[in-house]
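Undergrad: First the structure, then my questions, so here it is.
The values are calculated or read from the model by the stated rules, or taken from the named source; none is laboratory data. Since this is a predicted model, take the numbers as computed values, not measurements. Methodologically, a virtual Cβ is constructed for each residue, glycine included, from the backbone with ideal geometry; neighbour enumeration extends over all protein chains shown. The accessibility values were calculated without ligands, DNA or RNA, using every heavy atom of the protein model including side chains. Shrake-Rupley method; radii C 1.70, N 1.55, O 1.52, S 1.80 Å.
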Amino acid sequence: MQQTSSVISTYSADTFGVCSMLYELGGMVVMHDASGCNSTYSTHDEPRWNKIRSNIFVSAVTQMEALMGDEEKFITDVIAAAKDLNPKFIAICGTPIPTMVGFDFEAVARVIEARTSIPSIGVASTGMKSYVDGASKALLKIVKRIVSARNVSRETLEKSASKESDAAKRVSVLGVTPLDFSINGQDKSITSFLESKGYDVLGNFCMDVELSDIGNITSSDETLVVSAIGYEAAKFLKEEYDIPYEIGLPINGVLHKKITNDITSDKRIAILGEGVTSYSIALSIINTLGVKTVPIVTVDIAKDLLDRMNTVTETKHLIYEDDIKEELKNYDIVIADPLFRPIVGKDKAFINLPTECFSGRIYRKDIPDIVATSFIEDAVKKYL
Amino acid sequence: MLKKIGDVFDDKNLDKAYVRIKDSSFPTPFPGGVEFSAPVRGVWNIVHVGMLMPEAHEVFVCGGCCLRGVVLTAAEMNATDRFSTVTVEEKNLFDGTLEDLIVDGVTDCIAKLPDKPKVIQVYTNCIHHFAGIDFDNVYERLEKKNPDRKFMRCFMNPIMRKSGLAPDPLMRKQLFSLLEKPTEKDGKLFAVIGNDYPINKDSELREIVNAAGYKYIEIQDCNTYEEYQEIAKASTFLTTYLPAVPAGESCAMRLGGKHIYKPIAFDYDEIRETLDAIADEICAPHIDHESKIAECEKLLSDAKDIIKEMPIAIDYTFAPRPLSLAYLLLTHGFKVECVFADSFSKEEEKAYDALCEEYPDLLIYATSRYEMRYVRENDKDKYLALGQKAAYFMNTDYFVNFVIGSGHFGYEIIRALSVEMIDAYKNKKNADEIISVKGWGCEEECSRLQV
């Protein structure tokens, strides 16, 4: 049956994706929730909680406030905190109960902005989708909000783009949060990789960047989408500012864009996880080891992004335990978060690839830097 | 005094996060607002409490954001084999399938379990209440589809925390809801119910129960469903923690027997009254209070001689009644500077009044107000903390790691407190590591129940 998980974990939710994406930007994020979301987020989904202070709060909504549609209480409380904390922006996002009662996050954000003059965005997360959806929406919203505030037109950009022809190409990396890349330096490895290829990296959005860096995104010559989170923002920048984008995560210092090798092994590998990461690992294994590898995307991914990947290599999208378990019967080697292990047959080789988005903090110290090291290749070779 | 950290606060802003007790209001010293979550996780949640049930499997039915915390709670205590989920998706809110999803989803989870547990704890949440689902119908259908299983109705509905029975007392009540009325009561069986930890074996309570010739039982003693059912035979149900009272009342009403509520206290007169009342209830002789008090006094004095003027901070997770604890320590010369508590139990009114009168400068700090995001003592290890939140905010490794009393009761809690304060003063702990562990002690408490 779909929607049941007898033994495996669940992915971080959209609400937490919003918080994770906006965490370092100097704003204030309020989850409209009774209680528990802030504890869950800070415990399992935010490894920066004790290292970087950020204004992430819950509204502590009560039954009566929700039933009576008391949005004024929410607005008043958010404004009271904002007056003391003076955030650079305010973001509000949702959970199941606001979704049920039809809370209008965008409208309430406009009210808050009108009363505080602090830029405010509403992200209608439901608490019932994955972190990919929430983080993607948050990135797109904040980019649109900041870029539109700067009133940057495509024509302006074209004029400012008249730079020296030998200047380094500017690239923005889209879709970077600890939920996919932890805090083990993978974000910096992405930067190092791009710099080694002669790029000027404007930022990894959004780790180790500031709100002002988002305003500079439109001066990118291109963007690199390293997780499905960054895809919608990349499309927006392409459509509005004609900034081209590439999709893929560098693996062991190489960004694979197509299949360049023949399949020479009779083994079959499944790689479970987030879409762009799994896809990139699959291309890397195929190209370096010649082993058939199928990315199985086990969390939200845009259909057009999935279709695009499928034009390069066979990519599956399965999010329910039963479906994943059945599919895994077709493989010899499974690469996945350790909390998938219970549904993988004992006859399969299993390579642990922990991720914050699935197992939270449990295996944090074991999360490898797959961008800069040969972890994947070395691990797979043991089973060939 | 705590120092401001970061550059977004001036002292005026921080003012709303703390108050002199003399200037505070009872029982709610701080206004509401958006809330911060301190990274302190020792207090048990409903997953942990549910795990005390022998031969039980938990199934949570809710949206992803709610599942996330409970799934990883179970994973972190190595109990994924006792835990399953049914994910509510947005479509289920609007297409009339919320009830079917519970019935079919839970049944599916049961079918997939290699060992069929006797009890299925089904945790529904806020959305089911808001949708007004027919719980009776849901459980009737579940029982019909799974006739060999017992279903415990559990709830994860934090939105109800200020109306009706809050989730914590409700969970403690439901944990005993499968006790069946026994054909015969055991007039010599004494049950303590509703606590996370069993009452410590050194407690005078055990002494009194033994002296009366009673057998003593707690859910933590039960390894099987049948042993759990033995609790129903008790003639006396004692609760020692306010959120456990509905459990005690319910047991007495449904199963017969008498419920007594006698909470943890830090006041000698109240401890005397508590222990004598329990003794009278089961016809046990009164204990020698004077020797017990003398022993407590000696240990407190020893602790004071060693700890001297080291400032002390207490938080509400350390034990019920932090104000009573503060009063005990202040009246014994300890330098208690502050108490962390967002609100006070009404049981604390006497201690509150006494503190206002005798120690008006005692500071009360909030823990969940948004300002607390920026509050942490700059001077590492300056304080002796009683409780995990106090250890966090005071940034100290010198702390006593009790969680909601940790099973200490009677005069024994004062003895244990004194000994542990001395130990905490002499031996640093790794506070950041300890306080990050969810449900302190639960894994050990429930390890015997692993499939």
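Undergrad: Interface A/B, total buried accessible area with a 1.4 Å probe, nearest 100 Å²?
TA: Working: alone 16630 and 19050 Å², together 30460 Å².
For chain A against chain B, roughly 5200 Å² becomes buried.
Undergrad: Could you run the Debye sum over the Cα atoms of the protein assembly as shown, one equal point scatterer each and no solvent, and tell me log10 of I(q)/I(0) at q = 0.06, 0.08 Å⁻¹, two decimals?
TA: Once normalised to I(0) and log-transformed, intensities are -0.42, -0.75.
Undergrad: List the relative contact order of the range A:268-381 as a percent without decimals, with contacts defined as Cα pairs under 8 Å and 6+ residues apart.
TA: Dividing the mean separation by the residue count of the range A:268-381 yields 23 percent.
Undergrad: What does the structure give for A:13-19 when I average, per residue, the other chain Cβ atoms found within 10 Å of the residue Cβ? Mind dumping the intermediate values first?
TA: Values: counts 7, 3, 5, 4, 0, 0, 0.
Across A:13-19, the average partner-chain Cβ count within 10 Å equals 3.
Undergrad: Sorting check: for B:260-267, B:154-161, B:293-300, which peptide has the highest mean count of neighbouring beta carbons within 10 Å, and how do the rest follow? Please report the intermediate quantities before stating the final value.
TA: Working: B:260-267: 20.4, B:154-161: 23.2, B:293-300: 16.2.
The peptides rank, most packed first, as B:154-161, B:260-267, B:293-300.
Undergrad: Per DSSP H run of n ≥ 4, the term is -39500 (n - 2.57); total these for chain B, divide by its residue number, and report the mean residue ellipticity at 222 nm rounded to 500 deg cm²/dmol. Intermediate results must be reported in sequence, preceding the final value.
TA: Numbers: 19 runs with 177 residues, N = 451.
Using -39500 (n - 2.57) per qualifying helix, the result is -11000 deg cm²/dmol.
Undergrad: Still on this structure, I have one more. Can you figure out the FRET efficiency of B:T331 with A:D104, using R₀ = 45 Å and their beta-carbon distance, to the nearest 0.05?
TA: Numbers: r = 55 Å, r/R0 = 1.22.
The value I calculate is 0.25.
Undergrad: Quick one, what does Rg over Rh come out to for the range A:14-149 if you take C-alpha atoms and the Kirkwood Rh?
TA: Values: Rg = 13.5 Å, Rh = 14.6 Å.
Expressed as Rg/Rh, it is 0.93.
Undergrad: Additional query: When only C-alpha pairs under 8 Å and at least 6 residues apart count, what is the relative contact order of chain A, in percent?
TA: Reported relative contact order: 18 percent.
Undergrad: Roughly how many nanometres apart are two label points built 7 Å out from the Cα toward the Cβ at B:T183 and B:K201?
TA: So the label points at B:T183 and B:K201 sit 3.4 nm apart.
Undergrad: Can I ask one more? Averaged across the residues of B:87-96, what count of C-beta atoms belonging to other chains lies within 10 Å of each residue's C-beta? List each step's numbers first, then the result.
TA: On the way: counts 10, 4, 5, 7, 2, 2, 5, 2, 0, 0.
That works out to 4 on average.
Undergrad: Please figure out what share of the DSSP beta bridges in chain B is antiparallel and state it in percent, rounded to the nearest 5. Please list the in-between numbers first.
TA: Numbers: 5 of 45 bridges.
Roughly 10 percent of the DSSP beta bridges within chain B come out antiparallel.
Undergrad: I would also like to ask the following. For the protein assembly as shown, what proportion of DSSP beta bridges, expressed in % and rounded to the nearest 5, is antiparallel? Intermediate values should be presented prior to the final figure.
TA: On the way: 11 of 90 bridges.
Here the antiparallel bridges make up roughly 10 percent for the protein assembly as shown.
Undergrad: If eta is 0.890 mPa s and T is 25 °C, what Stokes-Einstein diffusion coefficient results for chain B, Kirkwood Rh from Cα pairs, in µm²/s? Don't skip to the answer; put the middle values down first.
TA: Values: Rh = 23.4 Å.
Translational D for this selection: 105 µm²/s.
Undergrad: Across peptide A:307-318, how many C-beta atoms of other chains are within 10 Å of each residue C-beta, on average? Walk me through the numbers on the way to the answer.
TA: On the way: counts 0, 0, 0, 0, 0, 0, 0, 0, 0, 0, 0, 0.
Taking all residues of A:307-318 together, the mean is 0.
Undergrad: So how far, in whole Å, is the C-alpha centre of the range B:380-451 from the one of the range A:328-355?
TA: 38
Undergrad: Relative to the present Cα-Cα distance, how much length would full extension add between A:D262 and A:S117 at 0.36 nm per residue of separation?
TA: Working: separation 145, 0.36 × 145 = 52.20 nm, distance 5.87 nm.
46.3 nm is the gain from fully extending A:D262 to A:S117.
Undergrad: Rank-order A:255-263, A:283-291 by packing density, defined as the average count of other C-beta atoms within 10 Å over each peptide's residues, highest first. Each step should come with its number before you reach the end.
TA: On the way: A:255-263: 14.0, A:283-291: 21.2.
Going by the mean number of other Cβ atoms within 10 Å, highest first, we get A:283-291, A:255-263.
Undergrad: Lysine pairs in the range A:268-381 8 or more apart or on different chains: how many have alpha carbons under 15 angstrom apart?
TA: The result is 11.
Undergrad: If I fit a long axis through the Cα atoms of helix A:231-241 and take the longest principal axis of the Cα atoms of chain A, what angle between them do I get, 0 to 90°, rounded to 10?
TA: 70
Undergrad: What is the helix-to-structure angle for A:186-196, meaning the angle in degrees between its Cα long axis and the longest Cα principal axis of chain A, kept from 0 to 90 and rounded to the nearest 10?
TA: 70
Undergrad: Something else about it: Can you tell me how much longer the chain between B:D302 and B:K350 gets when fully stretched, taken as 0.36 nm per residue apart minus their C-alpha distance, in nm with one decimal?
TA: Working: separation 48, 0.36 × 48 = 17.28 nm, distance 2.71 nm.
My answer for the length gained is 14.6 nm.
Undergrad: Something else: With a 1.4 Å probe and all protein chains kept in place, how much accessible area does A:M207 have, in Å² rounded to the nearest 10?
TA: 10
Undergrad: For the range B:297-352 and the range B:23-51, compute the distance between their C-alpha centroids and round to whole Å.
TA: Between the Cα centre of the range B:297-352 and that of the range B:23-51, the gap is 19 Å.
Undergrad: Based on the alpha-carbon gyration tensor of the range A:268-381, what equivalent-ellipsoid semi-axes (square roots of 5 times the eigenvalues) come out, in whole Å, largest first? Spell out each step's value before the answer.
TA: On the way: eigenvalues 68, 57, 47 Å².
Largest first, the range A:268-381 gives 18, 17, 15 Å.
Undergrad: How tilted is helix B:411-426 with respect to the longest principal axis of chain B? Cα atoms for both, answer in degrees (0 to 90, nearest 10).
TA: Tilt relative to chain B: about 70 degrees.
Undergrad: I would also like to ask the following. Determine how many Å³ per residue the convex hull of the Cα atoms of chain A encloses. Mind dumping the intermediate values first?
TA: Details: hull volume 52.6 nm³, N = 384.
For chain A, the hull spanned by Cα atoms encloses 137 Å³ per residue.
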